[in-house]
Amino acid sequence: MKKKFISFVVVILIVATTSLFATGQAEESSATVSKDPVQIIWLKKGGLGSTNARIEILKETQPELMARVEILPQSGDPHSIANNLRLALASGTEVPDVIKLSKTQLIEFVKAGVVLDITDRMKTIEDQLFPAAYDLGFVEGRAYGIANQVKTKIWYYRKDIFDEMGLDVKDIKNTDDFIAAGLKIQTKYPKANMWNFGTSIGHYNLHMITSGNGARYYDKNGEYIVASDPGTRQAFVDMKKMQDAGIIADVSDWTPDWEQAFRDEEIVSTLQSSWFHGRPGGGYLQKWIPEQAGKWAVALWPNIAGGAGGAGSESGGGVYAIMKDSKYADIAFEVLTALTTDPDTTYKLQAARGVDAVNYAAFEKYPELSDPLPFYSNNYWEVEAEALKVYKELPSDANGAKEHIIMNEFLQEWLLGAYDTVDECLAAAESELKNQIGNAFEF
C-alpha cells in the first residue's frame, strides 16, 4: 500500500427551500457545566441514513466523545444544499454547525466569510492524513474543510470483452484510440458502447475532463475566456467526436435505463470517478449487475481531450465545513477528526458505507483495506493509488458553482446539435458567463 494515497472532491446544483435549517440549537455557556450533551446540527446531502450510520459508528468507536455531543442530522437534496445555505444566510435563518460541501461550494462560502478557518486545528492532524486529503480543504493557503471523500478519475471496463477483441487498455492512450476500441468491439457486439451521455448528461463529465487538461474558464483578471481557451474547446470537441462516432450510448446517468444498459451489455466501458465504486465490494456495478462479477476491471483514464495520464478529478472532492458562527466549533472538530483520522472509525465507515479511509493508521491497523475488491478482476486500490498521483482540480473561485451549471448547459446543447460549430457554442457560453456573473472574482 502506497502511503501517498488520497484526496477529495464535490459538485454543485441549485433548488431552494429553507426548511432544512429549522432545527433548534441548545445554548452552551463556558461559565456553567452541564451534563447534558451539546447539540450540533449536521447537514448532509441525501437521506438521513448516511449521517445516522456515521453516528452509530461513532457511538461504537468514540463512546466518551459521543456522551458529550448529540448530533442532530438534517438531510437535503444534493442539488439544493448550497442554495439553502445561501438563502438562510441572506435571511438570517439559523444555519447548521456542520455542513458537507463540494470543494467548489466550499470556496464560495469561504469567500463569503461564513466558514470557520481551521488552519491551526488541522495542523494537529496533518501527519495523520494522506497529503491529498489534508490539502483538499485548503483555499488560498488556509484550511476551511476536513476531507470526506476524494474523487479521482477511474475507467471501468469489461475486461473479458476487451480481451476477446484483442484490446489492451494500456494501448488506448487518447480519444482516437478510445473511439477505435469502441468501433472494434462493435464489430462483434454492435450494441456495445464505451460511455453514455443521454439527453441529460452527467453534470460531472465535463468537469472530469477540464480538470485534467489545463482548461481555465477565466484569466488572471477574472475575465471569462472559454471561447478561446484551448482546454475547454478540446473537451467540447472530443465529447462530440465520441458521440458522432457512435460509441456513446444515448442514456442518461441515474435513470433505470442506465442500469439496464449495463445489464444488456449496451455499456461495456464507462469513464467515471472513484465514487462509482462507493459501496463495499464493487460499488454501483456490483449492485446493478452482480452476475458480471469478475468480468470488469479498472484502469486510469485515457488521455481524453488532453488530460495526460488520466489527470484530473471529479469536482475535487467532498469536505465537511464548520460554520463560522457555530457555538460548538471545538467539539464539532473533534467529531470530524474522529471520522477522518481514527482507524477504527474509518475502517467501519468504509465497510458500512464505502467511504475510503484517508489516514495512515487505518491501513496500518487494517491492511485488508487495500485488498482487491471482489467484483473486479484486478486490484482497484492499485489503480486508485496511481490516479491520486495525477489528481488535479479545475481552477475555481467564488462563482465556480454558477460556472459549472452554465458550462454544462451549453455542453448539453452542443451535443444535442443546437449549434453548428463549437466556436459558436463557446462564444455563446462566454457571453452567458459574462451576463450572469460578470467577473469570476466578483462576489
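No lab work stands behind these numbers, since they all come straight from the coordinates. This structure is a prediction, so every number in the text was calculated from the model and none was measured. Here the Cβ positions follow ideal geometry from the backbone for every residue, glycine too, while neighbour counts run over all protein chains shown.
Less than 11 Å Cβ to Cβ from His203, Lys/Arg counted +1 and Asp/Glu -1: what total charge do the surrounding residues give?
-3
Considering amide H positions built from the backbone, and no H for Pro or chain starts, which residues 5 or more places from Tyr376, or on another chain, come under 5 Å of its amide H?
HN-HN under 5 Å from Tyr376: Gly294.
Using +1 at the C-beta of Lys and Arg and -1 at the C-beta of Asp and Glu, which of Leu129, Val139, Tyr156 has the Cα lying farthest in the positive direction of the dipole of the stretch 30-184?
Working it through, the farthest residue towards the positive pole turns out to be Val139.
In degrees, nearest 10, range 0 to 90: what is the angle between the Cα axis of helix 230-245 and the longest Cα principal axis of the chain?
On a 0 to 90 degree scale, this one is about 50.
Run the numbers on the stretch 240-312 and let me know its relative contact order in percent, using alpha-carbon pairs under 8 Å that are six or more apart.
It comes to 15 percent, rounded to a whole number.
At a 10 Å Cβ-Cβ cut-off, how would you order Thr341, Thr199, fewest neighbours first?
If I rank by nearby Cβ atoms, fewest first, I get Thr199, Thr341.
Pairs to check: Lys111/Lys220; Lys241/Lys295; Lys191/Lys295. Give those whose C-alpha atoms are more than 20 Å from each other in this structure.
Lys241/Lys295
Of Phe276, Phe375, how do they rank once you tally other Cβ atoms within 10 Å and put the fewest first?
Fewest to most other Cβ atoms nearby, the residues stand as Phe276, Phe375.
What does the charge count near Leu433 come to, summing +1 for each Lys or Arg and -1 for each Asp or Glu among other residues with Cβ under 9 Å from its Cβ?
Cβ neighbours under 9 Å give a net charge of -1.
Which ordering of Glu430, Glu386 is given by a fewest-first count of other beta-carbon atoms within 10 Å?
The most exposed by this proxy come first: Glu386, Glu430.
Give the long-range amide H neighbours of Ile41: residues separated by 5 or more places, or on another chain, with amide H under 5 Å away, using H modelled in the peptide plane at 1.01 Å from N.
Amide H neighbours of Ile41: Leu72, Asp97, Val98.
Can you tell me the dipole magnitude for the stretch 53-152 around its Cα centre, using point charges on the Cβ only (Lys, Arg +1; Asp, Glu -1), in Debye to the nearest 20?
So the magnitude is around 220 debye.
Given R₀ = 35 Å, FRET efficiency for Lys184-Thr421 by Cβ-Cβ distance, to 0.05?
0.70
Angle check, please: helix 48-61 long axis (alpha carbons) against the longest principal axis of the chain (alpha carbons), in degrees 0 to 90, nearest 10.
Once rounded, the angle reads 60 degrees.
From Cα pairs below 8 angstrom and at least 6 apart in sequence, can you work out the relative contact order of the stretch 146-290, rounded to a whole percent?
Reported relative contact order: 35 percent.
Taking amide H positions as placed 1.01 Å from N in the peptide plane, with prolines and chain starts having none, which residues 5 or more places from Ala143, or on another chain, fall under 5 Å of its amide H?
Amide H to amide H, under 5 Å and 5 or more residues apart or across chains, Ala143 pairs with Ile118, Thr119.
Beyond 24 Å, what percent of the Cα pairs of the stretch 306-443 remain?
56 percent
Given Cα pairs under 8 Å that are at least 6 residues apart, what percent is the relative contact order of the chain?
Once divided by the residue count of the chain, the mean separation gives 26 percent.
Just to confirm a number: summing +1 for Lys and Arg and -1 for Asp and Glu over residues other than Glu334 whose beta-carbon lies under 10 angstrom from that of Glu334, what do you get?
Value of the local net charge: +1.
In whole Hz, what ³J(HN,Hα) sequence does the stretch 254-262 give by Karplus (6.51, -1.76, 1.60; θ = phi - 60°), x for Gly and Pro?
Couplings: 6, 10, x, 5, 5, 4, 5, 5, 5 Hz.
Please report the antiparallel percentage of DSSP beta bridges with both residues in the chain, rounded to the nearest 5.
Restricted to the chain, the bridges split so that about 60 percent are antiparallel.
Can you tell me which of 241-249, 311-319 comes out highest on packing, and rank the rest after it, using the mean Cβ neighbours within 10 Å?
Most protected by this proxy first, the peptides run 311-319, 241-249.
For the stretch 208-284, taking Cα atoms only, what is the radius of gyration to one decimal and the Dmax to the nearest whole Å?
Gyration radius and largest Cα-Cα distance of the stretch 208-284: 16.3, 50 Å.
As I understand it, the value is the acute angle between the Cα axis of helix 422-436 and the longest principal axis of the Cα atoms of the chain; what does it come to in degrees, rounded to 10?
Here the helix axis deviates by roughly 20 degrees.
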